[in-house]
Structures are given as structure tokens and as C-alpha cells.
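Written below as C-alpha cells is the structure these notes are about.
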Amino acid sequence: MEVKNKRYDDAEFLKEREEVLATWPTGADVDLKEAFEYQKQIPNEKRFCTKLNKAIDGKYTLIQPRAGVALVESHVELLRYLEEEGEADLLPTTIDSYTRLNRYQDAEHGIEESKLHGKSMLNGFPAVNYGVRGCRIVTESVKSPVQVRHGTPDARLLAEITLAGGFTSFEGGGISYNIPYAKNVPLDETIKKWQYVDRLTGYYEEQGLSINREPFGPLTGTLVPPCVSNAVGIIEALLAAEQGVKNISLGYGQCGNLVQDVAAIESLRRMSDKYLKRFGYEGYTLSTVLHQWMGGFPQDEAKAFGVICWGSAVAALAKATKVIVKTPHEAIGVPTKEANAAGLRATKQVITMLADQAMPQDNILLEEVDLINRETEQILERTLELGDGDIAKGCVRAFEAGVIDIPFAPSRFNSGKMMPARDNEGAVRFLSTGNLPFDDSIKKYHKAKLEIRGKQERRGVNFQMVVDDIYAISKGRLVGRPKSK
């Protein structure tokens with residue numbers, strides 16, 4: 001059956017819920033009516049949507065880390081530390097890799113191993129294994145709103161348990177938590193499963209309980225052109241809105257060029273609002289997220305702080321609603337809580353210093369916004385054509401045709417023909433557009449930009465530029481120049 005962007009039939013949804021909740025014993029503890037009553041008791045200041053909406057109105061940027069460990073007590077201790085010592089405005093619960101793959105028995109083994117060794121043997125919090133009661137211990141133990149962050153192609157049970165457990169924001173989507181994360185999972189399958197997550201969120205919304213939904217903006221996090229990630233985010237916003245989601249955060253992964261990054265966030269605001277209104281969705285609230293640099297980091301902590309602070313400046317000048325913060329241990333592995341808090345404090349300092357400053361709306365910025373708008377629109381319009389007006393059906397066909405193409409994605413359902421590279425000023429351009437549906441003026445623009453770089457570096461415009469760019473920031477630069485230069 002071909003997936004469509006259509007509201008879940010109630011009877012079908014409730015029948016599927018029974019199957020989902022039966023996949024692991026803790027699912028039996030989810031009582032939707034009781035969960036509604038529990039969520040109604042959560043203070044307003046601990047609701048994600050409330051804090052985001054205040055930031056939108058006040059035009060300031062909130063800070064949020066990534067964090068998650070295996071044991072409940074240790075996870076609570078970590079979140080409290082980041083809240084108090086790191087001055088985090090919003091808190092995460094990053095889910096472990098076994099749970100992301102629905103391997104709950106392996107996650108259970110990881111919990112036992114963590115108890116035995118006295119430290120986390122999982123790279124996140126196994127929320128499904130702890131169930132509703134374990135999740136409520138976490139959300140009740142901190143003062144700030146808490147979001148579920150993960151990377152799960154099938155997040156249905158995770159959503160059921162964590163929303164009943166008091167989390168007020170849930171990250172991910174059927175595209176962004178498939179193509180960049182999985183190899184063999186069909187796209188129509190994950191879109192359908194994430195429609196379930198969004199319909200569940202819609203059920204909470206209908207009870208007056210707004211749950212924030214945030215598609216994962218950075219995708220592969222490696223030289224992703226803004227129009228590609230923005231188009232995917234807008235598609236996931238449309239899919240969520242159809243299921244009744246009203247509070248949506250759309251993210252973007254920092255690429256490194258200040259003008260392009262600020263323009264990308266501005267374009268994301270405009271285009272997402274345009275398409276949601278075009279399809280008749282009303283009463284929604286949109287916020288934006290800037291993810292600090294997702295690629296390779298310098299091993300030197302002082303240099304890593306430089307990368308973190310540059311991302312902080314982008315978030316502040318783009319007036320992003322929140323920024324997802326990195327740590328100075330990115331190149332080393334799992335950060336200590338102290339390193340995580342240090343990254344937060346550095347970010348807070350820059351955000352605060354730039355709070356009253358604005359990016360000049362000059363022609364260079366406005367031209368970049370216009371370029372991203374046109375590119376995004378051409379991708380989305382061709383996607384809608386392929387789907388005969390249905391964005392879900394069109395999305396599956398667009399990936400098949402390479403109309404949407406995410407660089408360096410592991411999925412075999414991704415074309416992989418598009419190739420990005422930086423221009424002479426560090427903005428991400430297209431070395432090859434593959435089958436992206438751009439007009440000739442856009443293709444010529446990108447070619448000319450890369451030829452300027454090639455002339456400056458006295459080399460041909462080729463794949464070696466891409467390789468050099470991937471490693472550049474970890475080596476102290478933005479553009480991957482040849483060694484002789």
C-alpha cells in the first residue's frame with residue numbers, strides 16, 4: 001500500500017496501538033487517558049512549547065545540550081548538572097543505540113552491565129526498558145522541560161512510553177531518522193510509522209496538551225546544502241501537521257559560512273510557513289533550531305571551543321529559537337558532564353553578548369536567502385508533481401528519482417548522485433547537482449562559484465575539494481585548501 005499524507009483513521013490507529021504496546025512488557029503500562037491526566041499536571045514552565053513560545057515572542061535564543069546515560073539515577077544527576085552548572089534552558093534525554101534499533105533485550109543487558117561496572121555501558125538512556133515510571137522519575141527530577149532525542153526509524157513504542165512519562169517534546173521524523181541513519185529500511189515504511197508518532201502527538205494536542213515535535217534538521221551533518229535539509233524539514237512539517245501536530249521546530253545544521261547559515265534559517269522560516277499555509281494548516285507555531293557544527297572537531301579543547309562559539313554566534317544572529325550545543329570533547333568521544341556544561345556556558349556567553357545585535361540585511365544576505373528559497377521551492381514543487389499533489393507519496397518517489405538526495409547517507413533508498421563542496425568563501429555549493437530539479441541559472445551559479453575557488457587554489461574543480469572540505473574544520477580551517485596554499 002502506497003503511503004499518503006492523510007490523517008490516520010481512528011479505528012486503524014487504535015488497532016495499531018494495541019500491537020505497538022504489546023511489543024515489549026513496559027508497553028502495558030501506557031494508559032492514554034491516565035497519560036493525559038498526568039501531562040495536565042505538569043507545570044507550564046516545564047512544558048517545552050511554553051518555553052519555546054516565550055523565546056519566539058521575546059526574540060531570544062535558548063540553549064540545549066545532548067546527553068544520556070544508562071542508569072536512571074546517573075541520568076538524573078547528569079541532567080541536573082547541565083541545568084545548574086551548564087545553565088541549560090532546555091534538557092535532552094538522548095536514547096541509546098539499541099533502543100533506536102528496537103533491540104530492547106540488548107538494552108536490558110546494557111542496563112545490567114552498567115550496574116555491574118558502575119558506569120554507563122550504553123550511549124544513551126533506554127527509556128523503553130524503564131517504562132512510564134522510569135521516565136517520570138527523570139522528568140520530575142529537573143526544573144526544565146525535557147525532550148526525547150534519538151535516531152529511531154520505528155519510534156512508535158518509544159513515543160508512547162516517553163509522552164506518557166512526562167516528556168513534552170519528541171524529536172525525529174520518517175525521513176530524517178531513516179535516510180541518514182539506516183541502510184535497508186524502506187522510506188514508505190518509516191513515513192507510515194512516523195505518521196503514527198505524529199497522530200499520537202495530535203491526540204495529546206486535542207486534549208489541550210501541546211507536545212513539541214522536531215524533525216532532525218542536520219541529516220548526515222556533512223556538507224548538507226541548506227535547500228536539501230530545508231526541503232526535508234518542510235516535508236516532515238507537512239506530514240506532522242496533517243496528523244494534528246501544532247507545535248513544530250525545524251532545524252538546520254551549521255555549515256560554516258555566516259551569511260549562508262543565517263540565510264538558511266531565514267529561508268526555513270519563510271518557506272515552511274508558506275507551504276503550511278498553502279495546504280490549509282492553521283493554528284500552528286513554528287520555531288527554528290540551529291545545530292552547532294556536526295562534522296569533525298579539532299582534538300584541542302581550545303580550538304573546539306572556537307568552533308562551538310562560532311556556532312553560537314550563528315544561532316544568535318539568525319535569531320534561532322534554540323541552539324543545540326556541542327562539547328569540547330567532540331573529537332574524543334562521550335563527553336564528561338563538566339565538558340558538556342562548559343560548552344553550554346560558552347554558548348550562553350556568546351548568545352547573551354549578541355542578543356541585541358542583528359545581522360545586516362544587505363544585498364549579499366538577501367541574495368542568499370532568495371537562492372535558497374528558489375532551490376527549496378524547485379525541490380518541493382517537483383516532489384509534489386511526482387506525488388500527484390500528495391507530499392508523502394511524492395517524497396518516496398522523489399528519493400527514488402534523486403530529486404531529493406542527501407549527501408553521504410547510508411540508505412540504499414538514497415540516490416547519492418548529488419555532491420557538495422565549499423566555494424571560495426566557505427559556503428556549501430553543488431559540485432554535482434545529480435538529479436536535483438534545478439533550473440539552468442541555479443546550476444550555472446554553483447558552477448561559477450566553485451570555479452572561482454578552483455582558480456584561487458590553482459586546481460581543478462573536482463572531488464578532492466570535497467575530501468579536503470570534510471576534514472577542514474578539524475584541521476583548523478573552514479575551506480579545505482591544498483597544503484601548498
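The values are calculated or read from the model by the stated rules, or taken from the named source; none is laboratory data. Quantities reported herein were computed from a predicted structural model and do not represent experimental measurements. All Cβ positions, glycine included, derive from the backbone under ideal geometry; neighbour counts span all protein chains shown. These area figures cover heavy atoms from the full protein model, side chains too; ligands, DNA and RNA do not enter into them. Shrake-Rupley method; radii C 1.70, N 1.55, O 1.52, S 1.80 Å.
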Query - Area accessible to solvent at Leu32, 1.4 Å probe radius, in Å² - result: 30
Report summary line: Rounded to whole Å², per residue accessible area for the range 130-176 with a 1.4 Å probe reads 18
Query - GluC sites (Glu not before Pro) lying in DSSP loop within the range 325-399, provided at most 16 other Cβ fall within 10 Å - result: none
Query raised in the report: Counting only protein chains, not ligands or nucleic acids, how are Phe399, Phe463 ordered by accessible area (probe 1.4 Å), most first?
Result: Phe463, Phe399
Query - Ranked order, Trp24, Trp310 - accessible area, probe 1.4 Å, largest first - result: Trp310, Trp24
**Report entry** Accessible area (Å², 1.4 Å probe, nearest 10) - Lys192
**Finding:** 70
**Report entry** Point-charge dipole on Cβ atoms (K/R +1, D/E -1) for the range 365-485, about Cα centre, debye to 20
**Finding:** 980
Query raised in the report: Can you give the relative contact order of the range 191-260 as a percent, counting alpha carbon pairs under 8 Å and 6+ residues apart?
Result: 45
Query - Percent of beta bridges antiparallel (DSSP, the chain, rounded to nearest 5) - result: 15
Report summary line: The rounded separation in angstrom of the Cα centers of the range 248-290 and the range 396-445 is 20
Query - Farthest toward positive dipole pole in the chain [+1 Lys/Arg, -1 Asp/Glu at C-beta], among Gln39, Thr285, Val228 - result: Val228
Query - Within the accessible area of the range 33-132 (1.4 Å probe), percent carbon and sulfur - result: 48
Report task. Leaving ligands, DNA and RNA out of it, rank Asp198, Asp10, Asp89 by accessible area with a 1.4 Å probe, largest first. Result -> Asp10, Asp89, Asp198
Report summary line: Going through Lys319/Lys447; Lys54/Lys246; Lys303/Lys475; Lys274/Lys449; Lys274/Lys326 one by one, the pairs whose alpha carbons sit over 21 Å apart turn out to be Lys319/Lys447; Lys274/Lys449; Lys274/Lys326
Query raised in the report: Which distance in Å, rounded to a whole number, links the C-alpha centroids of the range 120-174 and the range 304-318?
Result: 28
**Report entry** Relative contact order computed over the chain (Cα-Cα under 8 Å; 6+ residues apart), in percent
**Finding:** 15
Report task. Let me have the relative contact order for the range 409-485, percent, based on Cα pairs under 8 Å that are six or more residues apart. Result -> 26
Report summary line: Carbon and sulfur atoms account, in whole percent of the 1.4 Å probe accessible area of the range 343-485, for 49
